[in-house]
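J.: Just dropping this structure here.
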Amino acid sequence: MPRSDTLSRLQRLEAIAVLLKQGTPCTVADLARQFAVSPRTIARDLALMREQGLQIDADRGRGGGVRLDRHWGVGRLTLQYDEAVDLLISIAVAEKMDSPLFLARLGAVRRQLVASFSPDMRHRVERLKSRILIGQTASPMVQSGHARPAERVVQNLHRAFIAQRQLEIRYRREDGTETVRVIEPHYLLLTYPAWYVVAFDHLRAAPRLFRADRILAASELSAGFRLKPKSAFRPSLLAEELLV
């Protein structure tokens, strides 16, 4: 079996174990559709998982339910590179917020994650962490009008931010006016609970802050950008009138 096929199957086995442990009712047919394989392939996967010691129960009959015994864990946790980066940055954000609760062991988790990266990857992660800024808690006015950003917007912003690519956004200002902008997402600023994109705005040819929950649509562009120092955005970070 080619190595890529082997990796694909291992990832599928781990994903199936996680789904079954969550206790969500599912059938072999459900799993086959979700992983875009045949029911026979899923049946072989389940047989292999049983051989490895996982106690998987299945109802008899066509379309019978499949579940993992609730006393069993899912074993080793495997993260993709981007998932590990996200987790590491989330830990860094939590540490920067200096919360007194539930942070005692984050340092140990962070060290284990960092140790799993190559020196080059560690440098890239540290560079990403330096682009996450933590400010004061948002004002009551901002908090009262804050909403959760759309998932699709968050995904595209996330990719453009990490890859240092320009982003085309449709943005709604505080007065309700909507504009289309091409921006360079240099930094992210958290003034809890609101996130801002610290960006160079091509429409204004100047630095601007964009509140993430006011971004109505976002599309990653192919053009990249060179990271500017934080000092280039200092006026935007200090002047409320530049909060577009």
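J.: Of the peptides 85-96, 188-199, 142-153, how do they stack up when ordered by the mean number of other Cβ atoms within 10 Å, highest first? Numbers along the way, then the final one.
T.: Working: 85-96: 16.2, 188-199: 20.5, 142-153: 13.4.
So the order, starting with the most tightly packed, is 188-199, 85-96, 142-153.
J.: Here's something else I'd like to know. Treat each spin label as a single point 7 Å out from the Cα along the C-beta direction, and report the ILE134 to ALA115 distance in nm.
T.: Simple spin-label model gives 2.4 nm for this pair.
J.: Simple spin-label model, 7 Å along Cα-to-Cβ: ARG50 to VAL182 in nm?
T.: 5.9
J.: Counting only protein heavy atoms, what percent of the accessible surface of region 74-207 is carbon or sulfur at a 1.4 Å probe?
T.: Values: 4380 of 8170 Å².
Answer for region 74-207 is 54 percent, counting heavy atoms of protein chains only.
J.: Moving on. Mind checking the full-extension length gain between GLN143 and ALA163? Use 0.36 nm per residue of separation minus the Cα-Cα distance, one decimal, nm.
T.: On the way: separation 20, 0.36 × 20 = 7.20 nm, distance 2.98 nm.
Once the chain is fully extended between GLN143 and ALA163, it gains 4.2 nm.
J.: Using alpha-carbon pairs under 8 Å, 6+ residues apart, how would you state the relative contact order of region 82-169 in percent?
T.: Numbers: 23 pairs, mean separation 25.0, N = 88.
Averaging sequence separation for qualifying contacts and normalising by length gives 28 percent for region 82-169.
The values are calculated or read from the model by the stated rules, or taken from the named source; none is laboratory data. Please read these numbers as outputs of a predicted model, since none were measured by experiment. As a convention, Cβ positions derive from the backbone with ideal geometry for all residues, glycine included, and neighbour counts pool all protein chains shown. Please note that ligands, DNA and RNA were not included when accessible areas were found on the heavy atoms of the full protein model with its side chains. Shrake-Rupley method; radii C 1.70, N 1.55, O 1.52, S 1.80 Å.
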